[in-house]
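Quick note: the coordinates plus some simple rules give every number you see, no bench work behind them. Since this is a predicted model, take the numbers as computed values, not measurements. As a convention, Cβ positions derive from the backbone with ideal geometry for all residues, glycine included, and neighbour counts pool all protein chains shown.
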Amino acid sequence: MNDQSPSDNLNRLPTGEQPTDHATRDRELFDRIAGEYCRKDLLPASRAARRHRLLQTLQAAPFSQNAAVLEVGCGAGFAAQYLQGHIGDYCGVDYSTNLIEYAREFNAGPGIQFVAQNIQEFQPGRSFDLIFAIGLLHHLDNLDATLAALVQLLKPGGWLVANEPQPANPVISFARMIRKRIDANYSSDQRELSSAELQAACSRAGLTDIRLRPQGLFSTPFAEVPLSPQWLTTPCAKLACWTDGCLEHLPAWLLNRLTWNLIIAGQKPESFID
Ligand SMILES: C[S@@+](CC[C@H](N)C(=O)[O-])C[C@H]1O[C@@H](n2cnc3c(N)ncnc32)[C@H](O)[C@@H]1O
């Protein structure tokens, strides 16, 4: 399933970089900013936008109310709260121990589990109906290996869904580039993956029925940066979510050029041979 071509650069590291450097730097960044990161789900404006992004993302894949769900790169685990009543059980994995501590503080509950571990080492001894990741894949230096590991954790017929920043809008890409340079809390290792790169990586991992959907035009900035004052930003964020919900009906070719993010979903075939 993992037939990489030599020209594939998705698993390559910059020259001279050791395999652990990238992950260690990234984990240390998220450990350092964990408290600040949590605020995004605690303040009403960013919370509304983040909940909206999650629910819009998961519309890309069918799942039942009994679904066993794994979130990879779960951060402080607020998805567990947003999905309450929509799924069976939830397991969130993140290698930032500080974020997982917050997850346990804010989002513990029946049928909810949080694990502080690199997803590459995660061996739960069970499989899942739905695996999702919001903003994870572009942080990885080993995309193919991680996707292959996730597909192993899916039940046959199960779905993998990801929401990723995308490079189709040059203005947005430029804004991200500037933020990388001026915001010490924004990982400079991350890179946007194009729809073609994401699609190819999912196919190499063995996923089928791959679906791509643009996501987030006005609501994304609210999801990413907690803005004040909340009395003003909260109604603005809600209006942005509502507008994005309406825009969803525009043709994908047009939206794709406008949105901040891309949703990608694929199914593990029933006939998949591990
Ligand atoms: C951009 S944050 C997104 C967090 C959360 N999904 C959200 O939307 O707020 C990426 C998260 O992925 C985690 N992460 C990155 N690579 C990982 C890996 N290999 N294993 C586990 N967690 C990882 C980071 O610690 C970080 O919390």
Exercise. Which whole-number percent is the relative contact order of the chain (Cα, under 8 Å, 6+ apart)?
Worked result: 25
Problem set entry | Reduced Cα scattering model of the chain, Debye log10 I(q)/I(0), q = 0.14, 0.15 Å⁻¹ | -1.03, -1.21
Problem set entry | Where labels lie 7 Å past Cα in the beta-carbon direction, separation of Ala175 and Val225 in nm | 0.8
For this session: Taking amide H positions as placed in the peptide plane 1.01 Å from N, state which residues far from Gly158 in sequence (5 or more) or on other chains have amide H under 5 Å from it.
Result: Lys268
For this session: Could you calculate the FRET efficiency of Tyr186 with Arg211 from 1/(1 + (r/R0)^6), where r is the beta carbon distance between them and R0 is 30 Å, rounded to 0.05?
Result: 0.55
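When the chain is fully extended, how far beyond the present Cα-Cα distance does Thr243 get from Glu36, taking 0.36 nm per residue of separation?
Length gained between Thr243 and Glu36: 71.8 nm.
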Exercise. Got a sec to turn the phi values of the range 94-102 into Karplus ³J(HN,Hα) couplings, 6.51 cos²θ - 1.76 cosθ + 1.60 with θ = phi - 60°, whole Hz, x for Gly and Pro?
Worked result: 8, 8, 7, 5, 5, 5, 5, 4, 5
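Could you state the orientation-averaged shadow area of the convex hull built on the Cα atoms of the range 30-145, in nm² to one decimal?
Hull-based average projected area comes out at 7.3 nm².
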Exercise. What residues of the range 189-217 lie in the reach of a label at Leu258, counting those whose backbone N is under 15 Å from a point 7 Å from the Cα along Cα→Cβ?
Worked result: 214-217
Seminar exercise, completed: Yeah, the range 22-64 with a ≥ b ≥ c from its alpha-carbon gyration tensor (a/c under 1.5 is rounded, else prolate when a/b outruns b/c, oblate otherwise) is oblate
Seminar exercise, completed: Rounded to the nearest 500, the 222 nm mean residue ellipticity computed for the chain from DSSP H runs (n ≥ 4, each -39500 (n - 2.57)) alone is -13500 deg cm²/dmol
Seminar exercise, completed: Amide H proximity to Leu70 below 5 Å, modelled H, separation 5+ or other chain, gives Cys91, Leu130, Ile131, Phe132
Problem set entry | Using θ = phi - 60° and Karplus 6.51 cos²θ - 1.76 cosθ + 1.60, couplings along the range 53-65 (whole Hz; Gly, Pro as x) | 4, 4, 5, 5, 5, 6, 5, 6, 9, x, 8, 9, 5
Exercise. Pulled fully out, how much extra length does the chain show between Leu55 and Ser203, if you take 0.36 nm times their separation in residues and subtract their Cα-Cα distance?
Worked result: 50.9 nm
Seminar exercise, completed: Taking only the alpha-carbon atoms of the range 157-274, the convex hull volume per residue, in cubic angstrom, is 134
For this session: Take the alpha carbon gyration tensor of the range 86-224, find the square roots of its eigenvalues, order them as a ≥ b ≥ c, and report rounded if a/c is under 1.5; if not, report prolate when a/b exceeds b/c, else oblate.
Result: oblate
Exercise. Can you pull the three principal axis extents for the Cα set of the range 182-245, in Å, largest first?
Worked result: 47, 32, 13
For this session: Could you list which residues have their amide H under 5 Å from that of Leu250, counting only those 5 or more apart in sequence or on another chain, with H placed in the peptide plane?
Result: none
